[in-house]
Structures are given as structure tokens and as C-alpha cells.
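The values are calculated or read from the model by the stated rules, or taken from the named source; none is laboratory data. Just so it is clear, the structure is predicted and the values come from calculations on it, not from any experiment. Here Cβ is always computed from backbone atoms with ideal geometry, including for glycine, and neighbour counts include all displayed protein chains. Note: areas computed on protein heavy atoms with side chains; ligands, DNA, RNA excluded. Shrake-Rupley method; radii C 1.70, N 1.55, O 1.52, S 1.80 Å.
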Amino acid sequence: MTHKVGPKGQVVIPKEFRDELGLRPGDEVVFSRENQGVLVEPVRSSLPLRGRFRGAPLTRILEEEHRREIESGR
């Protein structure tokens, strides 16, 4: 199966491959070089973002960093 590279450097991923990989419009893919070609793989998040940092002391850490910056005169 061959496809031409368009004027903007774009190539269409064939529907058969999109369906097999579960790719939908807006999904992200990562490109890497492999031998003499290019490997295209879907980006899969291991966990949804919602709730990922629940319970983490991020606000406290940021406040402490900000306080230190103020004290050091930055």
C-alpha cells in the first residue's frame, strides 16, 4: 500500500490501520525512526488525568517555593 506525501509533508494513515489501532480524530501519535523508515505509534495514557494528583501536596510545595523566592529577592 503506497501513499504520496502531500505539499505540507502530510501522509494519510490508511483507515485499516487507524481502525486496527483505534485511532480517532484528535488522537496523538509519536514518530520515531526505525532502520530506514518511520514508526508511527499511538500515544496511550496509562491513567486518565482526572484525579491523578489527588492527595499530592502540590499546593504546599508551590507555596514554599514561592516563599523562598520572595525571601531570596528573586
Which condition number does Glu63 fail, the rest of (1) assigned to a helix (DSSP H, G or I); (2) open to solvent by less than 70 Å² (accessible area, probe 1.4 Å) being met?
-> (2)
Report whether or not Val11 is surrounded by 10 or more Cβ atoms within 10 Å (Cβ to Cβ) and either part of a loop (DSSP other than H, G, I, E, B) or at pLDDT 90 or above (or both).
-> yes
Output yes when any residue across segment 23-46 is in a loop (DSSP other than H, G, I, E, B), over 17 Å from the mean Cα position of the chain (by Cα) and among the aliphatic types (A, V, I, L, M), and no when none is.
-> no
What do you reckon, is Thr2 in a loop (DSSP other than H, G, I, E, B), over 20 Å from the mean Cα position of the chain (by Cα) and β-branched (Val, Ile, Thr)?
-> yes
Residue count, segment 32-43, condition charged (D, E, K, R) and exposed (fewer than 10 other Cβ atoms within 10 Å of the Cβ), comes to 2
Leading residue by the ranking (modelled with the lowest pLDDT) among those in segment 48-60 that are part of a loop (DSSP other than H, G, I, E, B) and open to solvent by 100 Å² or more (accessible area, probe 1.4 Å) | Leu49
Can you pull out the residues in segment 43-71 that are farther than 30 Å from Pro25 by Cβ and among the small types (Gly, Ala, Ser)?
-> Gly55, Ala56
Subset of segment 24-74, residues of a type in the set (A, V, I, L, M, F, W, C) and under 20 Å from Pro14 (Cβ atoms), comes to Val29, Val30, Phe31, Val38, Leu39, Val40, Val43
